[in-house]
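Presented below is the structure to which this report refers.
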Amino acid sequence: MLKTKEEACETAKAPSAGGVRELLVIALPMVVSHACDTVMTFTDRVFLSRLGPDEMNAAMSGGLTCFMMMTFFMGLIGIIIAMVVNIFLASPMMSWIISAIGVLIFTGLTAYDVQKITRMGEQGIMDGGEAVIRKGAIMGALALYLDFINLFLMLLRLMGDRR
């Protein structure tokens, strides 16, 4: 018996939402990422266990600095994306949340830039001549200037009266 096109469409089952396959498609990247993180942590601990306390302190400080900078940079990218989305949504609550998170991120970036400038002075990077000192001073001042301007703008958005 041959079925007509309409009968075939009616008897065909539509795939149901969910199921094990969809769960695996969603969960597999997270599982692989967590497994890679576990292997990386184990490898780091094996290598660092053979070092002395000075090397471990240096690795920890470097790792925290790298993590802090990546976190603040990703937060900055997230704020930019949220601001673009909020242009179309025009949500006052989202604007308030963006401003509050922006204050925290730019406060952290200001602290990071001050620490970076201090570290440059302590390590003697500024001893490379007058041109290097001038470039370092200009770049440090520009970074702090941008941090303060953006922090001020976020504070104005957070506490300002929107008339």
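Every number here is computed from the coordinates shown, using simple stated rules; none is lab data. What you are looking at is a predicted structure, and each value in this text was computed from that prediction instead of being measured. Here the Cβ is made from the backbone with ideal geometry for all residues, glycine too, and neighbour counts use every protein chain on show.
Couple of notes before you dig in:
- For segment 63-163: rounded, prolate or oblate by the Cα gyration tensor [a/c cutoff 1.5]: prolate
- Nearest-0.05 FRET efficiency for residue 158 and residue 54, computed from C-beta distance (R0 35 Å): 0.20
- Model label points for residue 73 and residue 104, set 7 angstrom from Cα along the Cα-to-Cβ axis, are 2.1 nm apart.
- Ranked list, fewest to most other Cβ atoms within 10 Å of each Cβ, for 54, 147: 54, 147
- Contour excess over end-to-end distance, with Cα ends at residue 34 and residue 134 and 0.36 nm allotted per residue: 31.5 nm
- Exposure proxy ranking for 145, 112, based on other Cβ atoms within 10 angstrom of each Cβ and starting from the fewest, stands as 145, 112.
- Arranged from fewest to most other beta-carbon atoms within 10 Å of their beta carbon, 95, 49 become 49, 95.
- Karplus-derived 3J(HN,Hα) values for segment 130-141, using 6.51 cos²θ - 1.76 cosθ + 1.60 with θ = phi - 60°, are 5, 5, 5, 4, 5, 5, x, 5, 5, 5, x, 5 Hz; glycine and proline are entered as x.
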